[in-house]
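Read through the structure below, which is laid out as structure tokens, and then see the notes.
The values are calculated or read from the model by the stated rules, or taken from the named source; none is laboratory data. Treat the numbers as computed from the prediction; the structure is a model and nothing was measured. Here the Cβ positions follow ideal geometry from the backbone for every residue, glycine too, while neighbour counts run over all protein chains shown.
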């Protein structure tokens, strides 16, 4: 006995088409975008966190090197830049808007 199998036709989905709760193409794309956005958000938070205490936001630019890596509390205790080890001659409070 020979059983004939029918090939399932692959359904093409239009760009604006939503499959709903079945986990269709748009839902997978949204999950990928959501994951990517979360990763980008985490990276931005990490960039804005003081690299010394890891608690407060960076807000002090070290001079003369110009590195923006610490909060004002931690910057006041530094003699050398933690990134390039240049002697700190001053600092500038930096406001990011």
### Members of the stretch 47-56 found to be surrounded by 15 or more Cβ atoms within 10 Å (Cβ to Cβ) and in contact with a strand residue (DSSP E or B) (Cβ under 7 Å, 6 or more places away or on another chain), listed by number
49, 50, 51, 52
### Query
Applying the selection to the stretch 63-79, what residues are within 17 Å of residue 44 (Cα to Cα) and either in contact with a helix residue (DSSP H, G or I) (Cβ under 8 Å, 6 or more places away or on another chain) or not in a loop (DSSP other than H, G, I, E, B) (or both)?
68, 69, 70
### Query
When you look at residue 60, is it modelled with pLDDT under 75 and in contact with a helix residue (DSSP H, G or I) (Cβ under 6 Å, 6 or more places away or on another chain), yes or no?
no
### Task
State yes or no: is residue 41 outside any loop (DSSP other than H, G, I, E, B) and modelled with pLDDT under 90?
no
#### Entry: Verdict on residue 82 being over 20 Å from the mean Cα position of the chain (by Cα), at pLDDT below 90 and part of a loop (DSSP other than H, G, I, E, B)
no
